[in-house]
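Working notes, beginning with the structure itself.
The values are calculated or read from the model by the stated rules, or taken from the named source; none is laboratory data. Treat the numbers as computed from the prediction; the structure is a model and nothing was measured. Note: ideal-geometry Cβ built from the backbone for every residue, glycine included; neighbour counts use all protein chains shown.
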Amino acid sequence: MREMPTRGGWIEVICGSMFSGKSEELMRRLRRAQIARQRVAVFKPLLDNRYHATDVVSHDGTRLAARPVDTSAEILRLVGDAAVVGIDEAQFFDTNIVDVALRLADDGKRVVVAALDMDFKNEPFGPVPGLLAVSEFVDKLQAICQVCAGPATRTQRLIGGRPASPDEPVIRVGAQESYEPRCRECHQLPVARPSLDLAESALEGALTATVVDIGRARRETVGTR
């Protein structure tokens with residue numbers, strides 16, 4: 001069982017692929033804080049207006065009033081005396097969101113963050129690795145793969161029903177028609193990562209070492225003449 005701090009502030013990060021329930025879990029935690037009569041402030045990036053201009057809205061339609069901001073610095077200016085701070089879609093914020101979260105926690109606030117941990121290329125998404133590193137608690141949620149129905153940890157971007165090229169821009173806000181959750185096996189990129197042939201790599205390493213030894217022997221022979 002998780003042991004929550006009894007004093008001071010802390011940072012919680014809820015991460016995972018799209019459609020894994022990150023926003024729902026964020027809202028659940030924040031609503032419990034409201035029931036406990038704690039002051040709660042909720043923020044979201046201004047560019048995320050897929051379902052609503054101001055509210056945090058999950059893919060199933062659940063919503064919670066929030067304040068859209070353009071930069072992470074605005075959160076510090078607007079947070080006021082809130083004891084609990086919720087931040088949705090943190091991957092869309094600038095890198096200063098890590099320092100903002102730290103300052104809020106250092107001020108004694110509970111900071112609850114929801115974010116995609118990887119982009120559609122399966123690479124760390126923006127400032128999220130930094131948030132994961134400095135947080136006290138991390139929960140990685142899984143969705144359901146839309147191909148095999150297994151546990152999904154990746155986000156597949158689809159353009160015209162086909163996997164997007166890795167040359168596409170990382171930030172392209174969309175919903176169900178352009179993204180779907182996939183597992184490791186079913187996720188596709190048109191240009192896959194090169195496979196590593198261990199036997200071939202070992203042979204190349206041995207050949208390189210042999211060439212270096214031959215070169216060294218020749219230099220030593222010349223030096224003794």
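Observations on the model:
- Any hit, segment 85-102, residues being touching a Lys or Arg at 6+ places or on another chain (Cβ under 7 Å), surrounded by 15 or more Cβ atoms within 10 Å (Cβ to Cβ) and of a type in the set (A, V, I, L, M, F, W, C): yes
- Only one of the numbered conditions (1) in a helix (DSSP H, G or I); (2) over 23 Å from Phe19 (Cα atoms); (3) of a type in the set (A, V, I, L, M) is violated by Ala82, and that is (1).
- Residue list for segment 3-20, restricted to those being in contact with a strand residue (DSSP E or B) (Cβ under 7 Å, 6 or more places away or on another chain) and surrounded by fewer than 20 Cβ atoms within 10 Å (Cβ to Cβ): Trp10
- Residue in segment 171-183 that is over 30 Å from Ile87 (Cα atoms), modelled with pLDDT under 95 and among the hydroxyl-bearing types (Ser, Thr, Tyr) present: no
- Within segment 106-121, the set of residues being surrounded by fewer than 21 Cβ atoms within 10 Å (Cβ to Cβ) and more than 10 Å from the chain's Cα centre (by Cα) comprises Asp106, Asp107, Gly108, Lys121.
- Close Cβ contacts (under 7 Å, 6 or more residues apart or on different chains) running from residues in segment 119-145 that are of a type in the set (Asp, Glu) to residues that are crowded, with 17+ Cβ neighbours inside 10 Å and not in a strand (DSSP E or B) comprise Asp119/Phe125.
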